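Following: one structure in structure tokens, then a few remarks.
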Amino acid sequence: MEQEALLRVTGLKKYFPVGKGDLFKPKEMVHAVDDVSFEIKKGETLGLVGESGCGKSTLGMTLLRLTEPTAGQIWFEGKEVTRLSKGEMRSLRRQMQIIFQDPYASLNNRMTCESIVGEPLSIHKLYTGRERRERVAYLLGKVGLGAEHGKRYPHEFSGGQRQRIAIARALAMNPKLIVADEPVSALDVSIQAQVINLLEDLQNEFDLTYLFISHDLYVVEHISDRVAVMYLGQIVEIAPKDELYSSPIHPYTEALLTAAPVPDPTAKRKRVLLTGDVPSPIHLPSGCRYHERCQRRQVDCLDGVPELVFVNKDHAVRCRHF
Amino acid sequence: MEKLLEIVGLKTHFFLDNGVVPAIDGLDFWIGRGETVGVVGESGSGKSVTALSIMGVVPNPPGKTVEGEILFEGSDLLAYDAEQMRRIRGKEIAMILQDPMTSLNPVFTIGNQIAEVFMLHGGKSHPEAIEGAIEMLQVVGIPNPEKRVHEYPHQLSGGMRQRVMIAMALSCTPKLLIADEPTTALDVTIQAQTLALMASLKDRYKMAIMLITHNLGIVAEMCQRVVVMYAGKMMEEAEVESLFANPMHPYTRGLLRSLPGVDRKERRHQRLVAIPGIVPNLLNLPKGCRFSTRCEEHIGICKEEEPPLFARDRHRVRCWLMKD
Amino acid sequence: MDIDQPIRHVDAVAFQFSRIKKRIFRKKYLKIYVGGSIFLALLFASLLAPIIAPHDPAKLDLTLKLLRAFESEDFILGTDNLGRDLLSRIIYGSRISLLIGVVSVLFAATLGALLGAISAYFGKYVDELIMKVVEIFLAFPFLLLSIVIMAFLGPGLTNIIIALVLSRWVQFCRLVRGEVLSIKGRDHVVAAKALGAKDMYIIVRHILPYTMPSLIVMCTFEVALVIIYESSLSFLGLGVPASVPTWGTMLAEGRTYMMAAPWLSVFPGLAIFVTVLGINLLGDGLRDVLDPRMRGR
């Protein structure tokens with residue numbers, strides 16, 4: 001069954017200038033997102049993994065035009081998001097929402113839980129008075145909070161409960177796509193599972209599409225249908241979950257998968273231990289961006305950045321040697 | 001195994017305006033010579049306060065160790081005066097913290113910071129101490145130690161800084177290393193490097209490690225024995241294989257079940273089994289067992305009386321279900 | 001506290017009332033009470049000046065000049081070099097001083113905070129432009145700037161307030177700009193943007209409230225400054241007419257007699273001090289209460 005793509009991204013780039021250049025020294029650029037293309041089908045969850053600084057959060061923000069892309073196109077339901085005016089973009093925001101990592105920072109601590117969840121409704125003038133109150137109560141119920149929580153302020157909630165409030169706020173306008181940027185990373189293990197289950201339930205009930213950004217490979221494996229791996233601003237491998245986890249092709253994916261500690265003391269580890277750090281996204285390595293740390297490096301890895309090549313219909317990889 | 005550190009009935013409380021927080025509320029466990037013991041728990045479980053109590057650096061006020069003994073090689077650290085404690089810290093027991101950026105001083109070169117330890121505890125002169133620092137940087141696998149020794153913390157990456165912290169901690173070859181979430185701020189690939197380094201240094205220096213973490217994967221990989229803490233109390237203690245294969249406390253079971261990817265071999269998409277509810281407020285603990293409010297297996301007595309530790313199959317478990 | 005429970009109307013009222021009572025008599029409101037009482041007392045004194053002042057503040061009687069404080073029952077705080085009653089002059093002085101202090105700081109703070117927030121929030125050209133204007137204002141010393149403005153507008157109460165607002169808003173602007181630069185990147189602001197909120201809504205609702213603590217502290221300092229600046233202007237003949245007493249002018253005049261008649265400068269100074277203390281306490285208390293994190297402590 002071929003499904004239409006809800007979101008399609010082609011050649012997306014986001015560069016940030018660092019410091020101030022002058023006449024004799026051009027501005028240096030952080031290549032946070034550099035030529036990223038992918039699509040997300042309706043109702044699916046695309047996991048996005050990578051280490052800190054690989055650009056995965058910037059990608060999420062750029063998709064919603066919370067930072068303006070430097071180049072490339074974003075298509076949402078056939079509309080080119082990158083061309084919309086400010087006003088058109090504002091109304092499109094009803095369709096695309098975001099959940100942040102830190103539930104302590106993402107809620108205005110001067111507003112009650114009720115007014116936080118009801119805020120999107122008042123911004124878009126969707127419901128008024130009694131209807132709005134009912135809608136807010138309904139949303140709070142959906143994320144497992146009770147009516148008695150409505151009048152409380154964020155500091156009176158635990159991290160997990162705050163994340164539930166943030167989820168209720170994102171749901172308020174019946175969005176189609178939710179970008180979840182490390183939504184469970186700041187939570188305790190026992191709470192993580194609650195929030196992951198909640199996200200899955202809501203996806204089933206409201207037919208949501210997720211872009212799930214995380215550094216935790218196990219969480220991504222659990223929740224995603226397909227997974228994309230990012231390294232230094234580029235997608236190095238994208239494939240259906242089972243395929244990616246059982247037979248990764250890109251050497252970086254392989255190293256990443258074996259690096260995560262397994263919660264099983266009897267497991268035999270054959271770990272690919274990477275040497276060195278992630279290179280600076282300002283002064284990028286020439287050739288393949290991974291070659292300096294690559295365990296399967298060859299001479300021709302230095303000849304330009306490899307293209308993202310499809311191995312089969314759903315599995316693409318940015319490496320010359322597979 | 002010979003006991004290097006033994007904690008008996010430790011209680012560290014924080015006296016706040018709105019009540020007393022029993023951050024550690026009666027803790028008993030020990031660490032053998034050269035052994036790695038994992039201390040796992042969620043936020044508020046008291047695992048970090050345990051480390052601070054052992055080092056004698058609980059912020060006072062509001063915190064204070066009110067009861068118990070911390071026996072290090074047989075003598076009670078709590079009876080030591082400030083000067084005696086100073087000689088223990090860094091030399092016999094060293095500590096590394098989660099965030100290497102805030103635990104290093106930004107205005108001194110890393111060489112000077114490592115050298116300081118040598119000068120404080122080894123009585124070495126400055127040039128000798130710098131030599132020592134270079135050697136230590138080499139031990140922890142920092143390339144170009146002669147050059148790096150003159151660099152400042154901000155010039156290093158997160159993983160490198162954590163290596164510098166490890167170098168500082170190990171420079172006096174302590175008998176016990178307390179590592180409080182040493183890799184939580186690091187990326188997976190850097191975490192793997194750092195853990196591998198710690199494991200190899202442990203063998204080289206024959207030291208014991210108390211590894212505080214919330215990551216059960218790290219525990220499985222690094223530790224011989226595990227202490228599971230919840231809301232200030234130890235809930236279960238066992239050898240690592242046995243704990244993962246046969247968790248006896250409902251909380252331990254819940255934690256393991258709630259991990260995604262544990263039943264990876266089955267590759268079935270199933271719901272995670274979450275522990276319901278939230279961690280209780282330490283100011284307002286439930287009556288009886290402190291896990292009873294979230295426990296799905298609780299019986300009548302659980303909400304009445306706090307369970308003692310029961311010994312069973314080489315586990316120690318604080319649960320009434322283990323009574324007979 | 002159970003909010004789910006259906007509560008009968010009478011109960012609800014009683015419940016609300018007991019809650020309000022409980023909230024009022026808490027220690028943390030002490031600051032508001034003390035500060036508020038001081039402020040209210042000053043306000044009443046200035047409004048009711050003709051009733052409570054024992055003498056006409058402008059009445060000269062050179063036979064009674066430089067009476068010491070606390071020596072005469074009729075002139076409790078003594079008299080000045082022209083024999084005018086100091087207490088009456090302080091009471092009447094509160095009218096102008098309070099008015100100028102509070103009104104010009106309120107306007108300056110509002111103007112400065114808004115421009116500062118807009119400058120930082122939008123960045124780029126908007127920021128460049130506003131910051132250039134700020135630099136121009138900063139380049140002139142305060143007095144010179146005020147003299148130029150007053151020369152254009154002519155003397156008078158409204159004009160002196162305009163002059164003070166125009167010379168003080170810059171401080172607020174710079175403070176708020178700095179704060180907003182760090183606040184605008186926070187998640188809750190980005191979240192509001194992601195919800196489709198308009199820029200001014202975000203500034204007013206999600207950014208400015210976070211600058212309140214430092215803004216309030218700055219306001220209390222500025223009130224004192226402005227009261228004194230007014231005296232400088234009046235001294236130069238650019239402010240209110242010399243016959244109208246203000247604390248600033250009294251302080252300035254008293255300086256001449258500092259050794260011989262210290263009470264002439266001590267009491268107006270004390271009046272300014274008490275005013276600032278009151279406003280400071282009030283601001284501090286309000287800040288704590290307005291911050292929900294401090295509630296229920």
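Over chain B, accessible surface divided per residue gives 42 Å², non-protein components excluded, 1.4 Å probe. Each of the peptides B:47-60, B:300-313, C:249-262 was scored by the mean count of other Cβ atoms within 10 Å over its residues; in descending order, highest first, they stand as B:47-60, C:249-262, B:300-313.
Quick one: accessible area per residue over the stretch A:76-127, 1.4 Å probe, rounded to a whole number of Å²?
Result: 41 Å² of accessible area for each residue.
With 30 Å² as the minimum drop in accessible area between chain alone and full protein complex (1.4 Å probe), the qualifying residues in the stretch A:211-225 are A:218, A:221, A:222. What's the local net charge at residue C:215, with K and R +1, D and E -1, over the other residues with C-beta under 11 Å away? Here the count lands on -1.
Using a 1.4 Å probe on the protein heavy atoms, what percent of the accessible area of the stretch C:29-290 belongs to carbon and sulfur?
Accessible surface attributable to carbon and sulfur in the stretch C:29-290 totals 72 percent.
Peptide C:192-205 has a mean shielding of 6, counted as Cβ atoms of other protein chains within 10 Å of each residue's Cβ. Karplus-based coupling profile of the stretch B:35-46, in residue order and whole Hz: 9, 10, 10, x, 10, 10, x, 8, 5, x, 7, x, with θ = phi - 60° in 6.51 cos²θ - 1.76 cosθ + 1.60 and x standing for Gly or Pro.
Each stretch of four or more DSSP H residues adds -39500 (n - 2.57); spread over every residue of chain A, this sum gives -8500 deg cm²/dmol at 222 nm.
Computed from protein heavy atoms with a 1.4 Å probe, the total accessible area buried between B and A is close to 3500 Å².
For residue A:6, the residues whose amide H sits under 5 Å from its own are A:40, A:41, A:42, ignoring neighbours fewer than 5 places away on the same chain, with H placed 1.01 Å from N. Could you work out how far the C-alpha centroid of the stretch C:179-242 sits from that of the stretch A:99-123, in angstrom? Distance between centres, Cα-based: 24 Å. Solvent-accessible area of the stretch B:138-206 (1.4 angstrom probe, protein heavy atoms only): carbon and sulfur portion equals 49 percent. Comparing the full protein assembly with the isolated chain, the residues of the stretch A:257-282 losing at least 30 square angstrom of accessible surface (1.4 Å probe) are A:259, A:261, A:263, A:265, A:269, A:271, A:273, A:274, A:277. Across chain B, Cα pairs under 8 Å and at least six residues apart give a relative contact order of 20 percent. The mean count of C-beta atoms from other chains within 10 Å of the C-beta of residues in A:183-195, rounded to a whole number, is 6. Measure nothing but the geometry: give the 0 to 90° angle between the long axis through the Cα atoms of B:158-170 and the longest principal axis through the Cα atoms of chain B, rounded to 10°. The helix B:158-170 is inclined about 80 degrees to chain B.
Nearest 5 is fine: what % of DSSP beta bridges in the protein assembly as shown come out antiparallel, could you say?
Bridges in the protein assembly as shown that DSSP calls antiparallel: roughly 60 percent.
Chains C and A together bury roughly 2500 Å² of accessible area, counting both sides, with a 1.4 Å probe on protein heavy atoms only.
Between helix B:126-139 and chain B there is an angle of about 50 degrees, using the helix long axis and the longest principal axis of the Cα atoms. Proximity of backbone amide H atoms, modeled 1.01 Å from N, is registered between residue A:309 and A:317, A:318, A:319 at under 5 Å, excluding neighbours fewer than 5 places apart on the same chain. The order of the peptides B:211-218, B:184-191 by mean Cβ neighbours within 10 Å, most packed first, is B:211-218, B:184-191.
Solvent-accessible surface, computed for protein heavy atoms with a probe of 1.4 Å, shrinks by 40 Å² or more for the following residues of the stretch B:166-200 when the other protein chains are added to the isolated chain: B:187, B:188, B:189, B:192, B:193. Per-residue shielding of A:109-121, expressed as the average number of other chain Cβ atoms within 10 Å of the residue Cβ, stands at 3. Can you tell which of A:106, A:214, A:190 shows the greatest fluctuation in a Gaussian network model of chain A with Cα springs below 10 Å? Most flexible of the set in this elastic network: A:190. The phi torsions of the stretch A:296-301, fed into the Karplus equation with coefficients 6.51, -1.76 and 1.60 and a -60° offset, translate into couplings of 10, 5, 10, 4, 6, 5 Hz, rounded to whole numbers, with Gly and Pro shown as x.
So, for the stretch C:29-290, what is the accessible surface per residue at a probe of 1.4 Å, expressed in square angstrom?
47 Å²
Place +1 on the Cβ of every Lys and Arg and -1 on the Cβ of every Asp and Glu in the protein assembly as shown, take the dipole about the Cα centre, and give the residue among A:124, C:139, B:205 whose Cα lies farthest towards its positive end. Comparing the listed Cα positions along the dipole, A:124 ranks first.
Packing, as the average of other Cβ atoms within 10 Å across residues, places the peptides C:161-169, A:67-75, A:163-171 in the order A:163-171, C:161-169, A:67-75, highest first. In this calculation the C-beta distance from residue A:299 to residue A:246 is compared with R0 = 25 Å, giving a FRET efficiency of 0.25. Residue-wise HN-Hα couplings along the stretch B:9-17, as the Karplus relation 6.51 cos²θ - 1.76 cosθ + 1.60 with θ = phi - 60° gives them from phi, are x, 6, 10, 10, 10, 10, 9, 9, 4 Hz; Gly and Pro carry x. Compared with the dominant principal axis of the Cα atoms in chain A, helix A:113-123 is inclined by about 80°.
The values are calculated or read from the model by the stated rules, or taken from the named source; none is laboratory data. Computed from a predicted structure; not experimentally measured. Virtual Cβ from ideal backbone geometry, glycine too; neighbours counted across all protein chains shown. Note: accessible area is taken over every heavy atom of the protein model, side chains too, but ligands, DNA and RNA are not part of it. Shrake-Rupley method; radii C 1.70, N 1.55, O 1.52, S 1.80 Å.
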